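Structure record follows, encoded as structure tokens.
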Amino acid sequence: MKAKILVCFSLFAASAFGGSNLRIYPNLAACIHEPSFFSCENTAPIKNTCCSPTPGGLVLQTQFWNTYTGLERQGQRLPKGSWGIHGLWPDNCDSSFEQYCDPARQYDPAPSPSSFPNGTVIPAYKGPGVDTFIKKFSQGQLLDYMSKYWINLGAPSEGLWAHEFSKHATCTSTFDVACYGGNYEKHAEVIDYFEAVIRAFQLFPTYKFLAAGGVLPSNKTTYKLDDLEAIIKSQTGAVPFFGCANNGTVLNEVWYFNHVHGSEQFGSYKTIDSTTLSTCTRTGGIRYLERTPGSEQDASN
């Protein structure tokens, strides 16, 4: 796998979206004296796991292309001119992965999978939605952005947000509660994860990448996987994973693979080629369908 693009994030003294006096960022002071490396590229064991994601150092920024939500009447619509956020996943460096790593921080109302391979059931969360955590920290701008770009299919979006945190962030060492020090406020790492997801999502504007390469949603035109991959590689330096439904003929997912220098929250992302084979047809035409009328909203305002 070849290292490609570097993008740096700034360490904010408070939330990037503003609005709270509560501490919602980790204590990275100890990282100043730690060795410097990209995740999955270190030759020595990581001593301070708050400084680099481990064992999930292969970080995937994942996106959906859905054509409807099923909750349009409730105002849940898709962002016009943009793909939707799926999540930020900490795969291990060998491409295996862990999930639901901390039962004490399980906020998913419908865990998927519902049990571990050994048969242990993952209890469904029955408490207040994660949107209430965001409100507690007075992160109105964050909640507004998530409500426009991080959209669930067939269920309220808050459930997807909870699922992504519980299944993935609890397996990312840089979001461990211990990383937030003595001034930790409960659920601070949840807010931090949501902001990290958005930062990573904004690195990869898939809709604009494809549109600039002449690929737009169409119910008539079909595209070739080689062309889709070439367009993205021309901008990021690496080939992402494209996922397709309907026997590999309908585009609906993209995953960007990265190594991270520093914490998942604030570090530099370096794209690498996908370690997962595409589920899209390599030889036939791929449909990149238009959104259903009435299923989009202008998310730019």
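Checked against (1) out of contact with any helix residue (DSSP H, G or I) (no Cβ under 9 Å at 6 or more places or on another chain); (2) surrounded by fewer than 18 Cβ atoms within 10 Å (Cβ to Cβ); (3) not in a loop (DSSP other than H, G, I, E, B), residue 160 passes all but a single condition, namely (2).
All of 301, 247, 252, 219 fail the test of being at pLDDT below 95 and not charged (D, E, K, R), apart from 301. Yes or no: segment 103-122 includes at least one residue that is surrounded by 21 or more Cβ atoms within 10 Å (Cβ to Cβ) and within 21 Å of residue 299 (Cα to Cα). No, segment 103-122 contains no residue that is surrounded by 21 or more Cβ atoms within 10 Å (Cβ to Cβ) and within 21 Å of residue 299 (Cα to Cα).
Look at (1) loosely packed, with under 13 Cβ neighbours inside 10 Å; (2) under 29 Å from residue 300 (Cβ atoms) and you find that residue 143 fails only one, number (1).
Filtering segment 117-157 to residues that are under 18 Å from residue 186 (Cβ atoms) and either of a type in the set (Asp, Glu) or in contact with a strand residue (DSSP E or B) (Cβ under 9 Å, 6 or more places away or on another chain) (or both) leaves only 131. Exactly one residue out of 20, 82 is buried (at least 18 other Cβ atoms within 10 Å of the Cβ), modelled with pLDDT of 95 or more and of a type in the set (S, T, N, Q), and it is 82. Apart from one condition, residue 188 fits all of (1) closer than 24 Å to residue 255 by Cβ; (2) in contact (Cβ under 8 Å) with a residue 12 or more places away in the chain; the exception is (1). Applying the set (1) more than 30 Å from residue 28 (Cα to Cα); (2) touching a residue at least 12 places away in the same chain (Cβ under 8 Å); (3) not in a helix (DSSP H, G or I) to residue 220 leaves exactly one unmet item: (2).
The values are calculated or read from the model by the stated rules, or taken from the named source; none is laboratory data. Here the structure is a predicted model, which is why all the values come from computation and not from measurement. Positions of Cβ are backbone-derived with ideal geometry, glycine not excepted, and every protein chain shown enters the neighbour counts.
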